[in-house]
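Please read the structure below before turning to the comments.
The values are calculated or read from the model by the stated rules, or taken from the named source; none is laboratory data. Small disclaimer: the values here were computed from a predicted structure and weren't measured. Glycine also receives a Cβ, built like all others from the backbone with ideal geometry; neighbour counts cover every protein chain displayed. Note: accessible area is taken over every heavy atom of the protein model, side chains too, but ligands, DNA and RNA are not part of it. Shrake-Rupley method; radii C 1.70, N 1.55, O 1.52, S 1.80 Å.
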Amino acid sequence: MKIPFIKNFIAGREMEYIKAAVEANHLQGDGRFAAECNALLEKITGARCALIVSSCTSGLELAALLADVKPRDEVIVPSFTFVSTASAFALRGAKIKWCDIREDTLNMDEQFLKGIASESTKIIAPVHYAGVVCDMASIMETAQKHSSLVIEDAAQGMMSYLDGRHAGSFGQMASLSFHGTKNVVCGEGGAILINDERFIDRAYILREKGTNRRQFINGQVDKYTWVDLGGSFVASEIAAAFLLGQLEYAEEITKARLEVCAAYRRALEPLEAAGRFKLGRVPEGCRENGHIFYMLMNTPDDASKMLSLLKGAGIGACQHYAPLHLSPMGIKLAGGNPVRLPVSESVAKRIVRLPVYPQMTPAEIDYVVGEVEKF
Ligand SMILES: Cc1ncc(COP(=O)(O)O)c(C=O)c1O
């Protein structure tokens, strides 16, 4: 049996919507489908303003611009994350301070954060790993203590909740990803979520190359002009059309993924109890979204063996991030003297992620579990 790590899932109306966008003769951004995606995202996430953008990375870069990050401003980022969480701020010249993660959720360690945050901390950028929301009460408290802003990297957080609040609704701003590998997709895409009123008007300008194009479209000015420094962050209407088809089905997609993860968990818990590996923990009050199912092996050697066993059986299992503080760019940013982050460094070598997709069959799940059991 061949089991890929992910499989495209088409909810049903994506092609019909793309056809409608083409027929409406509006392929650039901000058409009917973008407006519907934004409205639906605001409804689901509770954000004051949601704007779809070309990727989660561009959403983070836009958030960094809106937060006015300047050279040498301090930004705290977990090292166990995708490049974009750090590069969005490093691009503006920020000084990146690395935070370690918790071994039970692989999320930013809020106690570690308390130890490194200070009056110089301009931004804290937590990542909701595997769609498990970080301990936001603690992170927000630390941010408030030091008057820092919180920009959530909610790339993996679509349909994830903590105490009834959606990922990305805690900080001043957040960014979601609809990259082809995520739960709800449009190829390349994302959304900036803005919860702090102060940033909304400027977001409309900065995402449109620093122009007041929106005022022109709304009939408020005769022609639009360059009014601020911005970039090209707007998502195309083709991506928005596809995305709407997926967003309308987000609850069902999430439910199906959660069922796959629950089946894995039920089958693998006895092995966890026998001390073979640890499974990720979902803290009280968290509703995860089934984005990632992982095992944390006891040693890097166990992880290599497990990966080659699964690969040999045709199963697309894989590891995840190489810690950014030890990447060539991370070391360069640290002036050649990287910090040590024991949990991030250890976890990166021991994690093994199993395939998850909504249409995964019980036979496919059994096959994966059977191969894991062989280990
Ligand atoms: C935590 C995290 N942040 C950011 C990104 C970047 O997302 P995008 O490809 O939509 O820019 C990813 C993508 O995998 C991610 O996992």
Estimated FRET transfer efficiency when R0 is 45 angstrom, pair Ala262-Asp222 (beta carbons, to 0.05): 0.20
Where Cα atoms sit under 23 Å apart: lysine pairs in region 251-374 separated by 8 or more or lying on different chains: 10
Accessible surface, per residue, of region 14-249 when the full set of protein chains is kept, probe 1.4 Å, Å²: 39 Å²
The chain - Rg and Dmax from Cα coordinates, angstrom: 20.9, 71
Straight-distance crosslink candidates among aspartates and glutamates, where the alpha carbon sits under 14 Å from Lys114 and sequence neighbours closer than 8 are dropped: Asp100, Asp135, Glu141
DSSP bridge pairs, the chain: antiparallel proportion in percent, nearest 5: 60 percent
Surface share of carbon and sulfur [accessible, 1.4 angstrom probe, percent] for the chain: 54 percent
Magnitude of the charge dipole, the chain, Cβ model with Lys/Arg +1 and Asp/Glu -1, debye to 20: 720 debye
Rounded Å value of the spacing that divides the Cα centres of region 246-320 and region 130-159: 23 Å
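Taking the radius of gyration and the Kirkwood hydrodynamic radius from Cα positions alone, what is the Rg/Rh ratio for region 251-374, to two decimal places?
Result: Rg/Rh = 1.03.
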Anchor Lys209: lysines whose Cα lies under 20 Å away (excluding residues fewer than 8 positions away in-chain): Lys70, Lys223
